[in-house]
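Quick note: the coordinates plus some simple rules give every number you see, no bench work behind them. Remember, predicted model here, so these are calculated numbers, not experimental data. Here the Cβ positions follow ideal geometry from the backbone for every residue, glycine too, while neighbour counts run over all protein chains shown.
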Amino acid sequence: MFIRRLPKFAHHAPVTITEVLDLLARWGGQARVFAGGTDLFPAMKKREQTPGHLISLKGIADLSGISIDDRGIRIGALTTLGEIERSPFIGQHLPILRQAMKLMASPQIRTLATIGGNICNAVPSADSVPPLIALQATVKMVGADGKRNVFVEDFFRGPKESVLREGEILTEILIPKPHPRSGGAYLKLMRRSAMELALVGVAAYLHIEETQKICTGARIALGAAAPTPVRAPAAEALLVHREINEARAKEAARAAAQDCCPRSNSIRASVHYRRAMVEVLTKRAILEAFQSASRQD
């Protein structure tokens, strides 16, 4: 496919969130915010988007970094995928998120692309989203009318559609502190080993009791298995207050496959194949998450 140069645009480099909101209020639908630009710039070259004003968020230091406080773990929206992947803190406390980062794009892209951008693009196959849903994460948005928080699972309305309003920006992701006996796993089906969108993505996150046999909490999230990333509540219900074993994982995986509603694509994957792979990956993710939780103190 022939890709042209970027169309002409005015570039803005604010240094505060207030300046960003003022620019968005001034230019409205003509403006787009960006950080890494790894999705926006190719879309502009293809003329899928032609904003007249680009607002860079790179100069706003408050939107980057990983920290922890009484509320939980905060990840700034401008934190790159590579920074999350390399973070010792994330590796120790949220390995499920590191798993997802390592499976996304190439190292070069992960150096530029941001966690906020991956969420805001609102594509069903976004790899960061199922782990965040499984971790019960929320996102914080700021606009002219103030601040608001929503759960990541409630952020999406449809393919490339979200609850983000015109004039708002996503500023941070907040993840509750992990349960002391918890563990997770993210598995991704793709046609090649790197730089590939997910045909199916499954995240499982479990809490277990002190005996390390009975599940006390379960969250399972699916990517590319519906028009938006979704939970699998029927599968979760089959795990809670029960012993986790291969038979139980198989039963829950079957429920997840029955509840999902993947889209058919003649090039990438059929509905039947995606549903079958949801079952396969969900079983594996549950068992891996259980093993991870069993290793915790």
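For the structure I just gave you, tell me whether residue 100 is touching a residue at least 60 places away in the same chain (Cβ under 8 Å) and assigned to a loop (DSSP other than H, G, I, E, B). First the steps, then the outcome.
Numbers: touching a residue at least 60 places away in the same chain (Cβ under 8 Å): yes; assigned to a loop (DSSP other than H, G, I, E, B): no.
Criteria not met by residue 100.
Restricting attention to the range 7-42, which residues are aliphatic (A, V, I, L, M) and loosely packed, with under 15 Cβ neighbours inside 10 Å?
Passing the criteria: 10, 13, 15, 25.
Can you confirm whether residue 61 is of a type in the set (Gly, Ala, Ser) and crowded, with 19+ Cβ neighbours inside 10 Å?
Considered against the rule, which asks whether it is of a type in the set (Gly, Ala, Ser) and crowded, with 19+ Cβ neighbours inside 10 Å, residue 61 comes out as no.
If residue 67 meets every condition in (1) touching a residue at least 24 places away in the same chain (Cβ under 8 Å); (2) over 18 Å from residue 168 (Cα atoms) apart from one, which number is that one?
(1)
Give me the residue from the range 160-178 that is assigned to a strand (DSSP E or B) and among the acidic types (Asp, Glu) and, out of that set, surrounded by the most Cβ atoms within 10 Å (Cβ to Cβ).
Among those residues, the one meeting the criterion is 172.
Looking only at residues in the range 80-116 that are among the polar types (S, T, N, Q) and more than 21 Å from residue 198 (Cβ to Cβ), which one is surrounded by the most Cβ atoms within 10 Å (Cβ to Cβ)?
Residue satisfying both the conditions and the ranking: 87.
Being part of a loop (DSSP other than H, G, I, E, B) and either under 14 Å from the mean Cα position of the chain (by Cα) or within 12 Å of residue 228 (Cβ to Cβ) (or both), is that true of even one residue in the range 143-151?
So far as the range 143-151 goes, no, none of its residues is part of a loop (DSSP other than H, G, I, E, B) and either under 14 Å from the mean Cα position of the chain (by Cα) or within 12 Å of residue 228 (Cβ to Cβ) (or both).
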